[in-house]
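Asks: Please find one structure pasted underneath; my questions will follow.
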There are 2 protein chains.
Amino acid sequence: MQLIDGKAVSVRVLKECKVQVEELVKNGCRPGLAVVLVGDDPASRAYVGSKERACNELGIHSVKVELPAETSQGQLHEVIASLNEDPDVDGILVQSPPPAHIDESAVVLEIDPDKDVDGFHPVNVAKLVLEEPGGFIPCTPLGCQRLLGDYGIETKGSRVVIVGRSLIVGKPMAMLLMSRGLLGDATVTVAHSRTVNLPEVCRSADILIAAIGRPEFIGAEHVKEGAVVIDVGINRVEDSQAKRGYRLVGDVNFDEVSGRCRAITPVPGGVGPMTIAMLMSNTIKACSQRHGVEVSKLA
Amino acid sequence: MQLIDGKAVSVRVLKECKVQVEELVKNGCRPGLAVVLVGDDPASRAYVGSKERACNELGIHSVKVELPAETSQGQLHEVIASLNEDPDVDGILVQSPPPAHIDESAVVLEIDPDKDVDGFHPVNVAKLVLEEPGGFIPCTPLGCQRLLGDYGIETKGSRVVIVGRSLIVGKPMAMLLMSRGLLGDATVTVAHSRTVNLPEVCRSADILIAAIGRPEFIGAEHVKEGAVVIDVGINRVEDSQAKRGYRLVGDVNFDEVSGRCRAITPVPGGVGPMTIAMLMSNTIKACSQRHGVEVSKLA
């Protein structure tokens, strides 16, 4: 069994990003990422902090916009409009989840698709489906694809089962892996809460991707001997022994499953670190495209 | 084995459409469909003719724009722009395929998404993925879904295998059937030319949808006993005995497969007639939405 080390791959991606940022700066443009945080959810604040640190380490211009929890939809839209106009900002994201009174899907529509580094704007959703280059692919699916690629796990002709049909992970992952091309061409099945006999469906997978948000839901009965397992889940479960009173587990029961696998991602240290790395990569892509400056592909 | 009579279902859909058109007309708006034909491909001309006749039978205002084969991209865009502005036109489609010098995907972008009754504009592609109502779903997948619904074939929890990952049929069909809801909630697999061991993958299907464009490609070895088979293919094969020198066959070898099926669509008379019926339905939807006039749901 091989452990897929997302931390190590993310470090490699970030090193590439650093070289690309330097190339862009030499050509007179420094990539910039704006992260908007509405309210003061501690987990959101921590995520925003990690994104800021990643930017700083790469030399990406980082703009943090902190808005009070009572910010109105209209006020948030105005903030986005000004970031759309800001020539120093190449990527914009609004940290999820915003407070309950904010309509998140309406917010996404306000972001300039050319700056939508999260890949959630309908223009980018459609580009992924239509296999048009130049769009932005959501960071988590993109990170999973990169993990497979870096570990030499061929997707072409492979049977992939994705558990979960969310708009952020399951569906874009399906579109990405069924697309034509080197890291695509898979035979993809999307399973979900309505799937009958889920273990059997999952056992047909050469590559099983768990993205359901249920702690340790995927057990040995879901995994074919020799399969590759990618665990997208990050769930907090109470643990009185842990320092913070909780520990992080994936959607996969690692102890039960890992013995059967050809390769598996741990949680933490698997898909998680890739998400921020791909956000940096998308921000560089946005800058490169907006300024018409090519960067070297190092992958 | 039950024969799924697409002709009969399409007649039912068109009857509903007729009632809906009358409702709209009573409210002061008559739906209008504009079909643009570039060049004089005989098959395209025939398709355009059928669409025109369907409009006439329902009382839908029909606009046929015939352009010479040498029409430039820019000229075509101008025609579309004027149809976008035309208050009597609710739906616009450009008959496919246009002459080779025309960039079809650029043409689609010119059509007002609210008039894009083919459902090929990125805005509508994204709405389907994001499960937003109000968008337009491509007519062929929509017709297949309606056939399943009218024959009481439950999709929820069913294993659906779609053979073919085209942007017009395979991918939207997958999105439609995996969406949440009464005629969705299926566990969907998309197979294609790169799929390894296609017969085995297909045999996992409760509902097998063939959309590959290869005459009689799907044989007995692809079909589980008791499966439902939907044949989207319409292929011309030479036949010296036939009046026109060819006959139409599907992607499924009907004679070989039909004995194993719970239900199957014939070619012709299966999916084909549904496509035009759903185009009429989409045109009515466009009119209803543009004018804010609700019509009764008769399905």
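The values are calculated or read from the model by the stated rules, or taken from the named source; none is laboratory data. This is a predicted model, so every value here is computed, not measured. Note that we place each Cβ from the backbone using ideal geometry, even for glycine, and neighbour counts take in every protein chain shown.
Asks: Within segment A:67-75, is there a residue that is in a strand (DSSP E or B) and of a type in the set (S, T, Y)?
Replies: Among the residues of segment A:67-75, not one is in a strand (DSSP E or B) and of a type in the set (S, T, Y), which makes the answer no.
Asks: Further question: Between B:R180, B:R165, which is facing another protein chain (nearest Cβ under 9 Å), surrounded by fewer than 17 Cβ atoms within 10 Å (Cβ to Cβ) and not in a helix (DSSP H, G or I)?
Replies: On the way: B:R165 fails: surrounded by fewer than 17 Cβ atoms within 10 Å (Cβ to Cβ).
Step by step, each of B:R180, B:R165 is checked, and only B:R180 is facing another protein chain (nearest Cβ under 9 Å), surrounded by fewer than 17 Cβ atoms within 10 Å (Cβ to Cβ) and not in a helix (DSSP H, G or I).
Asks: Might you let me know whether segment A:200-210 holds any residue that is away from every other protein chain (no Cβ under 14 Å), out of contact with any helix residue (DSSP H, G or I) (no Cβ under 7 Å at 6 or more places or on another chain) and modelled with pLDDT of 95 or more?
Replies: Within segment A:200-210, one or more residues are away from every other protein chain (no Cβ under 14 Å), out of contact with any helix residue (DSSP H, G or I) (no Cβ under 7 Å at 6 or more places or on another chain) and modelled with pLDDT of 95 or more.
Asks: Another one. Would it be correct to say that B:R244 is in a loop (DSSP other than H, G, I, E, B), within 14 Å of chain A (Cβ to nearest Cβ) and not hydroxyl-bearing (S, T, Y)?
Replies: Judged against the criteria, B:R244 is not a match.
Asks: Checking the condition buried (at least 21 other Cβ atoms within 10 Å of the Cβ) and on the phi > 0 side of the Ramachandran plot, which residue from B:G91, B:G119 passes? It would help to see each step written out before you state the result.
Replies: Numbers: B:G91 fails: on the phi > 0 side of the Ramachandran plot.
B:G119 is the lone residue from the list that is buried (at least 21 other Cβ atoms within 10 Å of the Cβ) and on the phi > 0 side of the Ramachandran plot.
This table checks each residue for (1) modelled with pLDDT under 95; (2) basic (K, R); (3) touching a strand residue (DSSP E or B) at 6+ places or on another chain (Cβ under 6 Å); (4) over 17 Å from A:I137 (Cβ atoms).
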| position | (1), (2), (3), (4) |
| --- | --- |
| A:Q241 | yes, no, no, yes |
| A:N253 | no, no, no, yes |
| A:I276 | no, no, no, no |
| A:S281 | no, no, no, no |
| A:K285 | no, yes, no, no |
| A:H291 | no, no, no, yes |
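Conditions (1) at pLDDT 95 or above; (2) out of contact with any Gly (no Cβ under 6 Å at 6 or more places or on another chain); (3) among the aliphatic types (A, V, I, L, M); (4) under 21 Å from B:K297 (Cβ atoms), marked per residue:
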site	(1), (2), (3), (4)
B:K7	yes, no, no, no
B:S10	yes, yes, no, yes
B:E16	yes, yes, no, yes
B:K26	yes, yes, no, yes
B:G32	yes, yes, no, no
B:V35	yes, yes, yes, no
B:D40	no, yes, no, no
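Asks: It is to be established whether one or more residues within segment A:16-34 are of a type outside the set (S, T, N, Q), under 30 Å from A:A227 (Cα atoms) and either part of a helix (DSSP H, G or I) or touching a strand residue (DSSP E or B) at 6+ places or on another chain (Cβ under 8 Å) (or both). Don't jump to the end; show me each part of the working.
Replies: Of segment A:16-34, the ones of a type outside the set (S, T, N, Q) are A:16-19, A:21-26, A:28-34.
Then drop every residue that is not under 30 Å from A:A227 (Cα atoms), which leaves A:16.
If we keep only those that are either part of a helix (DSSP H, G or I) or touching a strand residue (DSSP E or B) at 6+ places or on another chain (Cβ under 8 Å) (or both) too, we end up with A:16.
The answer is yes; a qualifying residue exists.
Asks: Restricting attention to segment B:124-138, and to residues there that are under 15 Å from B:V108 (Cα atoms) and not small (G, A, S), which single residue is nearest to the other protein chains (Cβ to nearest Cβ)?
Replies: B:V125
Asks: Can you pull out the residues in segment B:144-161 that are in contact with a Leu (Cβ under 9 Å, 6 or more places away or on another chain), closer than 13 Å to B:I209 by Cα and more than 10 Å from chain A (Cβ to nearest Cβ)?
Replies: B:C144, B:Q145, B:L148, listed by residue number.
Asks: Mind counting the residues in segment A:167-193 that are under 16 Å from the mean Cα position of the chain (by Cα) and over 19 Å from A:Y151 (Cα atoms)?
Replies: 8
Asks: Please work out if B:S296 is polar (S, T, N, Q), not in a loop (DSSP other than H, G, I, E, B) and not assigned by TED's automatic domain parsing to the domain that holds B:L83. Spell out how you get there, then give the answer.
Replies: On the way: polar (S, T, N, Q): yes; not in a loop (DSSP other than H, G, I, E, B): no; not assigned by TED's automatic domain parsing to the domain that holds B:L83: yes.
The answer is no for B:S296.
Asks: Here are A:I162, A:I153: which of them is closer than 19 Å to B:K171 by Cβ and touching a Lys or Arg at 6+ places or on another chain (Cβ under 9 Å)? Let's see the steps before the verdict.
Replies: Details: A:I153 fails: closer than 19 Å to B:K171 by Cβ.
It is A:I162.
Asks: Could you tell me whether segment A:118-137 includes any residue that is part of a helix (DSSP H, G or I), under 18 Å from the mean Cα position of the chain (by Cα) and over 20 Å from B:M175 (Cβ atoms)?
Replies: no
Asks: Also, quick follow-up: From the residues in segment A:105-115 that are surrounded by fewer than 24 Cβ atoms within 10 Å (Cβ to Cβ) and either basic (K, R) or away from chain B (no Cβ under 12 Å) (or both), which one is nearest to A:A174 (Cα to Cα)?
Replies: So the residue we want is A:D114.
Asks: Name the residues in segment B:247-280 that are more than 21 Å from B:G164 (Cβ to Cβ) and not in a helix (DSSP H, G or I), would you?
Replies: Listed by number, the residues that qualify are B:R247, B:R262.
Asks: Given (1) within 14 Å of another protein chain (Cβ to nearest Cβ); (2) in a loop (DSSP other than H, G, I, E, B); (3) within 18 Å of the chain's Cα centre (by Cα); (4) touching a residue at least 40 places away in the same chain (Cβ under 8 Å), identify the lone condition not met by A:S96.
Replies: For A:S96, the exception is condition (1).
Asks: Under 7 Å between Cβ atoms, which residue pairs at least 6 apart in sequence (or on different chains) link something in segment A:273-284 that is over 11 Å from A:R12 (Cα atoms) with a partner that is among the charged types (D, E, K, R) and outside any helix (DSSP H, G or I)?
Replies: Matching pairs, first to second residue: A:T283/A:D90.
Listed here are the residues, each with its yes/no results for (1) under 27 Å from A:C17 (Cβ atoms); (2) more than 18 Å from the chain's Cα centre (by Cα).
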site	(1), (2)
A:V228	yes, yes
A:I234	yes, no
A:R244	no, yes
A:I264	yes, no
A:M278	yes, no
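Asks: Quick one: which of B:V196, B:V249, B:V257 is within 22 Å of the chain's Cα centre (by Cα), assigned by TED's automatic domain parsing to the domain that holds B:L148 and either surrounded by 20 or more Cβ atoms within 10 Å (Cβ to Cβ) or aliphatic (A, V, I, L, M) (or both)?
Replies: B:V249
Asks: While we're looking at this one, here's another question. List every residue pair whose Cβ atoms sit under 6 Å apart, with the two residues 6 or more apart in sequence or on different chains, where the first one lies in segment A:178-200 and is over 17 Å from B:C202 (Cα atoms) and the second, anywhere, is of a type in the set (D, E).
Replies: Here the result reads A:S179/A:E131; A:R194/B:D185; A:P199/A:E221, each pair linking segment A:178-200 to a residue that is of a type in the set (D, E).
Asks: Please pick out the residue among A:N124, A:N84, A:N56 that is outside the structural domain of A:L248 (by TED's automatic domain parsing) and out of contact with any strand residue (DSSP E or B) (no Cβ under 9 Å at 6 or more places or on another chain). Reasoning before the result, please.
Replies: Working: A:N84 fails: out of contact with any strand residue (DSSP E or B) (no Cβ under 9 Å at 6 or more places or on another chain); A:N56 fails: out of contact with any strand residue (DSSP E or B) (no Cβ under 9 Å at 6 or more places or on another chain).
Checking each option against the conditions leaves just A:N124.
Asks: Could I ask something else about it? Restricting the search to segment A:212-221, which residues are more than 14 Å from chain B (Cβ to nearest Cβ) and buried (at least 21 other Cβ atoms within 10 Å of the Cβ)?
Replies: Passing the criteria: only A:I218.
Asks: Condition first: in a helix (DSSP H, G or I) and surrounded by fewer than 23 Cβ atoms within 10 Å (Cβ to Cβ). Now tell me which residues in segment A:1-12 satisfy that.
Replies: Across segment A:1-12, the qualifying residues are A:K7, A:A8, A:V9, A:V11, A:R12.
Asks: I need the full set of residues from segment A:189-199 which are of a type outside the set (S, T, Y), within 9 Å of chain B (Cβ to nearest Cβ) and either in a helix (DSSP H, G or I) or touching a helix residue (DSSP H, G or I) at 6+ places or on another chain (Cβ under 7 Å) (or both), in order please.
Replies: Residues satisfying the conditions are A:V190, A:A191, A:L198.
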